[in-house]
Amino acid sequence: MPLKKYLKNLNNNLPNISLYIHFPWCEKKCPYCDFNVTTVKKDGDIFALTEAVINDISLSKDDINNRKFQSVYFGGGTPSLVPEEYFKKILDFMRKKEMIDSSAEITVEFNPKEANKDKIASLLSAGINRISLGVQSFDESVLNQLGRNHSAAEAKKAIANLAYFSNLNTTIDLIYGVMDQSSKSFENDINLFLDHDINHLSLYQLTIEPNTIFYKKELNLPDELKINKFENIAQQLLKDSGYLQYEVSSWCKENKKSAHNINYWSYGDFLGVGPGAHSKITNSDGIQRQMRLKKLTSYINNPQKKKSETIAYEDINFDFMINFLRMKNKTSFESFEERFDYLDKSKFFKSYEKGIELGLLEKSHVGTTEKGFRLLNDTVNLF
């Protein structure tokens, strides 16, 4: 497809857009974390960052391009360390400008230590409708290995506090593949999640990233056989309890998928504001990946400054599929071609046919087979 036609198709069919807001503060940095966080919080920093975020959103109208945010996600860091008034200020600004869809999912990440009923109630009144709780494990020894600053008892108390509010969606994070973690401990984590009747779970394997404390240590991590056992335990227990795996790391009850997650993996656009926040934006130049300045003071002083890279047309198929194939979906070929008409179709379907031959991709719809989902890296690399 000629570049001119590609750009025209791209901008005639703009995707939905979500908003990510980064609050970088933590009480301590977890040894496995490679996110942009700081443990230093000076007087006035929260106010200054809030003003910068509002300014950044206001000046991003070309990237937003008259679209309303279908979801808003406050991540970090530990956003629950921020007083509720600052969430309200940001959301009130956007509502006044009619920037948020009336049915938007609005999420805040929480450390269990801060999840008291008064704080939750204040956030609900500000317009928050979903809480993501960073539990990671209900086992004290696993929490200690992960360097977490909350206890299993605090996690259970936080979940009970969240359950008090019937109009609130809740998800928790759990991590497996931790040093010296036993199968029994992990099975207990899944069973406790099920006992609490929560409607969404993000389940992550511990990965050791270069810019982390763990990267500098020799760790006794579980081998591949044990990891497979953990995953089989989760699959069996969650499926038997009626949970749907709709993405590599995401499980939910019926109709409780995360709109924010779905937009990411469906190759929707997202505007990221706050220090070090990433964006994916469709505009007249193509599809761009952007990143704001990482240092807090630098971002506050210049919130619109960013690094931008336009994805080369020959790389679009791969960039698209590395996201799209994370989801377990059954998109028809007809609707796929209509929705994503900017892809290089001849190259795409040649790669797709190869995937069918290898048993990695479905014949009846666009998506992976069970084998292709298990061997996701191999499947994506076809494109």
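Nothing in this text is a laboratory measurement; each read-out follows from the coordinates by a stated rule. Just so we're clear, the structure is a prediction, and the values are computed from it rather than from any experiment. Virtual Cβ from ideal backbone geometry, glycine too; neighbours counted across all protein chains shown.
Among the listed pairs Lys61/Lys88; Lys41/Lys306; Lys350/Lys371; Lys184/Lys256, which have their C-alpha atoms separated by more than 25 angstrom in this model?
Lys184/Lys256
If you count, for each residue, the other Cβ atoms within 10 Å and average over each peptide, how do 261-267, 19-25 line up from highest to lowest?
Answer by packing, highest mean first, reads 19-25, 261-267.
Would you tally the net charge around Gly77, using a Cβ to Cβ cut-off of less than 13 Å, leaving Gly77 out, and scoring K and R as +1, D and E as -1? Write down the numbers at each step before the final one.
Numbers: positive: Lys28, Lys29, Lys41, Lys294; negative: Glu27, Asp34, Asp45, Glu109, Glu114.
Net charge in that neighbourhood comes out at -1.
Rank Pro275, Ser241, Val135 by how far each Cα sits towards the positive end of the charge dipole of the chain (+1 on Lys, Arg Cβ; -1 on Asp, Glu Cβ) and give me just the farthest.
It is Pro275, whose Cα lies furthest towards the positive end.
Which Cys residues of the chain have no other Cys beta carbon under 4.7 Å away?
Cys26, Cys252
With only Lys, Arg, Asp and Glu charged, each at its Cβ (+1 for the first two, -1 for the last two), find how big the charge dipole of segment 3-264 is about the Cα centre; round to the nearest 20 debye. Before the final figure, lay out the partial values.
Working: 31 positive and 34 negative charges, 161 e Å.
I would put it at about 780 debye.
Determine the calculated [θ] at 222 nm for the chain from helices alone, applying -39500 (n - 2.57) to every DSSP H run no shorter than 4 residues and normalising by the residue count; nearest 500 deg cm²/dmol.
So the helix-based figure for the chain works out to -11500 deg cm²/dmol.
Just tell me which lysines come within less than 18 Å, Cα to Cα, of Lys216; anything on the same chain fewer than 8 places away is out.
Cross-link targets: Lys28, Lys29.
Rounded to the nearest 20 debye, what is the charge dipole size of segment 155-206 about its Cα centre when +1 sits on each Lys and Arg Cβ and -1 on each Asp and Glu Cβ?
140
In cubic angstrom, how much convex hull volume per residue do the alpha carbon atoms of the chain span? Mind dumping the intermediate values first?
Details: hull volume 55.0 nm³, N = 383.
With only Cα atoms used, the chain gives 144 Å³ per residue.
Name the residues whose placed amide hydrogens come within less than 5 Å of the amide hydrogen of Gly274, ignoring near sequence neighbours (fewer than 5 apart) on the same chain.
His22
Under 8 Å for C-alpha pairs, at least 6 residues apart: give me the relative contact order for segment 3-264, rounded to a whole percent.
Rounded, it is 18 percent for segment 3-264.
Considering amide H positions built from the backbone, and no H for Pro or chain starts, which residues 5 or more places from Phe110, or on another chain, come under 5 Å of its amide H?
The answer is Ser132, Leu133, Gly134.
How much net charge surrounds Lys88 when only the other residues with a Cβ under 13 Å from the Cβ of Lys88 are counted, with Lys and Arg +1 and Asp and Glu -1? Please list the in-between numbers first.
Details: positive: Lys89, Arg95, Lys96, Lys119; negative: Glu84, Glu85, Asp92.
Residues close to Lys88 contribute a combined charge of +1.
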